[in-house]
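Data first, discussion second: the structure below is written as structure tokens.
Rule-based calculations on the coordinates, nothing more; no lab input. All values reported here derive from a predicted model rather than from experimental measurement. Cβ: placed from backbone, ideal geometry, glycine included. Neighbour counts: every protein chain shown.
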Amino acid sequence: MVRTHNLGFPRIGADRELKFAQEAYWKGQSSRDQLKAVGADLRRLNWNAQHGIDFIPVGDFSFYDQMLDMSFTLGNLPERVRGYHGDVLDNYFRVARGRSAPAATGSDNPDGVAAGEMTKWFDTNYHYIVPEFRGDTTFALDASRLIEQIREAKALGVNVKPVIIGPVTYLALGKEKDDSDRLSLLPKLLPVYQQLLEAIGCEGVEWVQIDESILVTELEPAWKQAFETAYQSLSSSRTKLLLTTYFGPLLENLPLVAGLPVAGVHLDAVNARDEVQVLIEQLPADRVLSLGVINGRNIWKADLHAILDWLEPVAKQLGDRLWIAPSCSLLHVPVDLDSEQKLDGEIKSWLAFAKQKLEELRTLKSALNDGRDAVRAQLDANRTAIQSRRQSPRVNNPTVKAAVAGITGQLGQRKSSFTQRAAKQAEILKLPRYPTTTIGSFPQTSEIRRARSQFKAGTIDEATYRVAMQNEIARCVREQEALGLDVFVHGEAERNDMVEYFGEQLDGYAFSTLGWVQSYGSRCVKPPILFGDISRPKAMTVKWIKYAQSLTKKPMKGMLTGPVTILNWSFVRDDQPRSVSCQQLALAIREEVLDLEQAGVQIIQIDEAALREGLPLRRSQWQEYLTWAVDSYRICANGVADETQIHTHMCYSEFNDIIEAIAQMDADAITIETSRSDMELLEVFETFNYPNQIGPGVYDIHSPNIPSEEQIIALMKKAAKRIPPERLWVNPDCGLKTRQWEEVIPALTNMVSAARKLRVADGNNA
Ligand code: GLN
Ligand code: ZN
């Protein structure tokens, strides 16, 4: 008999109940007990939603983040919060976000403490709190959270399978805060894991899911050895361990995984289908093999017949040893498709969110155990949906397919070299040395948001909305005139989100109402759904930019989001390679670029904020991604005349490892985030001669602090040591939409006067 299990369920709730409860507590609007009650409710609802699954995860619920939960379970709290007493949850929030709630302030420093560093969870858009290590770090078990939840679940009749992060991954994903080596902590860590497994075992639990997600990445020999040591030492545990990996194939780590002394292994059979047989051959005959057969990262219905075609023989081969599951935790998909009231019915019939994915799993189990006839109706309905999607004219647009087939290298090639272009552009733009500009958005005031939502709801008409937005644009232009900036932006008032705004105007995109996914803490995102061939029915931004340009003699930047960023921040189709969807986006945005140029726009900025995010987990695959990502960007941007200046913007400057790809994009100017690192991130430009213009950010827009003129001058002088001053721009780190006008005005005033002083110092008064 095949059995089913789940690796994790979305914790935010179908209506983002967790977010609202967290935020109310942090603002002092609710009590800790109220927050805890919401947590308990969500766990109960989630377990209910997983009924019929043989092993249900416990410990996947979190008030902030599962890695931070693990740090607390292991007693690895940063020194700076150890002095606080009171409820553990408050200390937990101090590490998570620098402070807890007003109710918990008792001994709190009103300024809070430094929040733990946050970083991306593998290649997902989820962010975890990085464990901190020192040479003298010690661990001490606090299993209370997990044990309480195990009891809570058992009381509700749930067949529990606790979920924990494994010791090697826990260490690997953390960071040393001194010059020690975190791997040397393993001998101190393992006894605590032994105690933890013992404590879980005392609850009468049969299986524990132990996530060792780093097994899908390249490992140094010492880390491979750590796996041997760790699992040897945990092998006498009385609970059975299901060693769990996801997000990719095991490749060279497969023999290591197969040889570890655990009771079972979970493999992501969506991303590593061709490793299933190899693993079966190498795995000792008494091991359980769990196959992640339903994609836990996308929102598409699985093709159940196709899965059964390859899975039925495997089930025969393995018998009771086979478990099936989603490929990874369902944390990365929205909760419930049934909540979507507005989604187009046809598109809806192609989708599956977390609850629906578990339903697919139940169907697969019945088909495997009792034969396909036992679930004939479900399988037929699935086939109908899969065929409808495959054949739909809304998905397949022959004109778009032909355009992609017609792409040549020529399309991404500027007509002349940067030097030639730069000379022509300088002639037209007549910019001073150290030209000043901003990254695109200006503060999104509550009036702007109100007008947008009224327009969306239909309570104001298009003309009223247009006037409201034009007024905002006019305000931005006036402010920029007063500030004396050199290159203007229109302010992006009409955009709710830099990806959604374009998605809404492109054919091939759909939008959910409640398709939220946790990004970190209480922050959720609602990625648009790229379901079909992408085309642009009409110009998307031209009228706003033209209006903005009509108000000033200064150059107004056209402002677009690039194809790679649109792709990386969407749920994308699984029926064609990502690279092809990216090419389609590139062609659509290219049309917009050319329309802007046609309308007389001289500078066009194409944001690629998320280019780096798309890097594959394994370095060996980076180049392939960078090649198609950069090619797509080039197709989108480089069709313009020499005289048109192309800018791009990226929200980071960890360029060292991808600098050559960035240079190949061949943007005339690139703006990046550098202010926080004090320009240290520009180090790469010492060894790599970046050929075009650069605007290293001098204003940290994530902070309410106002940079002084001196600070900005100092930052620019540092930059000028690495990049010739005639190729430097002066600008903030990123868009200003989350800031207030009261902060933006003084900061930009300082920025403009700093640029003027730099010009004088360089003997260039232009
Ligand atoms: N142009 C966008 C803005 O200014 C860029 C945002 C981003 O890079 N995340 O808001
Ligand atoms: Zn940015």
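Once amide H atoms are built 1.01 Å from N in the peptide plane, which residues 5 or more positions from Val130, or in another chain, come under 5 Å H to H?
Under 5 Å from the amide H of Val130 lie the amide H atoms of Glu117, Met118, Thr119, each far enough along the sequence or on another chain.
Taking 8 Å as the Cα distance limit and 6 or more residues as the minimum spacing, I'd like the relative contact order of the chain as a percentage. Please list the in-between numbers first.
Numbers: 1409 pairs, mean separation 86.9, N = 766.
It comes to 11 percent, rounded to a whole number.
How far is helix 354-370 tilted, in degrees, relative to the longest principal axis of the Cα atoms in the chain, given as a value from 0 to 90 rounded to the nearest 10?
Helix 354-370 and the main axis of the chain meet at about 40 degrees.
So which lysines pass the test for Lys721, namely a Cα distance under 20 Å, with those fewer than 8 places away in the same chain ruled out?
Partners found: Lys757.
So what is the relative contact order of the stretch 230-284, in percent, for Cα pairs below 8 Å that sit 6 or more residues apart? Don't skip to the end; give the middle numbers.
Values: 60 pairs, mean separation 21.9, N = 55.
With pairs under 8 Å counted, the relative contact order is 40 percent.
Using the number of other C-beta atoms within 10 angstrom as an exposure proxy, rank Asp700, Asp179 with the fewest first. Let's see the in-between values first.
Details: Asp700 18, Asp179 7.
Ordered from fewest to most neighbouring Cβ atoms within 10 Å, Asp700, Asp179 come out as Asp179, Asp700.
Roughly how tilted is helix 741-761, in degrees to the nearest 10 and between 0 and 90, from the longest Cα axis of the chain?
Value to nearest ten degrees: 60.
On C-alpha positions alone, give me the angle between the axis of helix 304-318 and the longest principal axis of the chain, in degrees, nearest 10.
Result, in degrees: 40.
Can you give the charge dipole size of the chain about its Cα centre, rounded to the nearest 20 debye, using +1 on the beta carbon of Lys and Arg and -1 on the beta carbon of Asp and Glu?
Using only the charged Cβ atoms, the result is roughly 1240 debye.
How large is ³J(HN,Hα), in whole Hz, for each residue of the stretch 594-605 in order, when computed from phi with the Karplus curve 6.51 cos²θ - 1.76 cosθ + 1.60 and θ = phi - 60°, using x for Gly and Pro?
Ordered by residue, 3J(HN,Hα) equals 5, 5, 5, 4, 4, 7, x, 6, 8, 10, 10, 9 Hz.
Residue by residue through the stretch 579-587, what is 3J(HN,Hα) from phi via Karplus (6.51 cos²θ - 1.76 cosθ + 1.60, θ = phi - 60°)? Round to whole Hz and write x for glycine and proline.
These are the phi-based 3J(HN,Hα) values: 4, 6, 4, 5, 4, 5, 4, 4, 5 Hz.
Quick one: Met665, Met67, fewest Cβ neighbours within 10 Å first, how do they rank?
With the fewest neighbours first, Met665, Met67 line up as Met67, Met665.
Quick one: Karplus J couplings for the stretch 548-562, per residue in order, coefficients 6.51, -1.76, 1.60, θ = phi - 60°, nearest Hz, x for Gly and Pro?
These are the phi-based 3J(HN,Hα) values: 4, 5, 5, 8, 8, 8, 5, x, 9, 6, x, 10, 10, 9, x Hz.
Starting with the fewest neighbours, write out Arg676, Arg466, Arg82 ranked by other beta-carbon atoms found within 10 Å of each beta-carbon.
Arg82, Arg676, Arg466
Alpha carbon centre of the stretch 281-353 versus the stretch 388-463: separation in Å?
Value for the Cα centre distance between the two parts: 37 Å.
Return a whole-number percent for the relative contact order of the stretch 4-61, with Cα pairs under 8 Å and 6 or more residues apart as the contact set.
Value for the stretch 4-61: 57 percent.
What is the distance in Å between the Cα centroid of the stretch 647-725 and that of the stretch 57-72?
36
Dipole size in debye (nearest 20) for the stretch 245-399 around its Cα centre, Lys and Arg Cβ +1, Asp and Glu Cβ -1?
So the dipole magnitude of the stretch 245-399 works out to roughly 360 debye.
Exceeding 32 Å between C-alpha atoms, which entries from my cross-link table qualify? They are Lys342/Lys557; Lys240/Lys357; Lys36/Lys526; Lys240/Lys348; Lys546/Lys737; Lys161/Lys301.
The answer is Lys342/Lys557; Lys240/Lys348.
Using only DSSP helix segments of four residues or longer, with each worth -39500 (n - 2.57), what per-residue ellipticity at 222 nm results for the chain after dividing by its residue count and rounding to 500?
-12500 deg cm²/dmol
Give the residue from Leu617, Ile712, Tyr509 lying farthest towards the positive end of the charge dipole for the chain; charges sit on Cβ (+1 for Lys and Arg, -1 for Asp and Glu) and the dipole is referred to the Cα centre.
Positive-end residue among those listed: Tyr509.
What does the C-alpha gyration tensor say about the overall shape of the stretch 518-582? Classify as rounded when a/c is under 1.5, otherwise prolate if a/b is larger than b/c, or oblate. Walk me through the numbers on the way to the answer.
On the way: a/c = 3.05, a/b = 1.65, b/c = 1.84.
Taking the square roots of the gyration eigenvalues as a ≥ b ≥ c, the stretch 518-582 is oblate.
Amide H to amide H, which residues 5 or more places from Val288 or on other chains are under 5 Å from it, using H placed in the peptide plane?
Gly264, Val265
Once amide H atoms are placed 1.01 Å from N in the peptide plane, what residues at a sequence separation of 5 or more from Phe55, or on another chain, have their amide H within under 5 Å of its amide H?
Thr4, His5, Asn6
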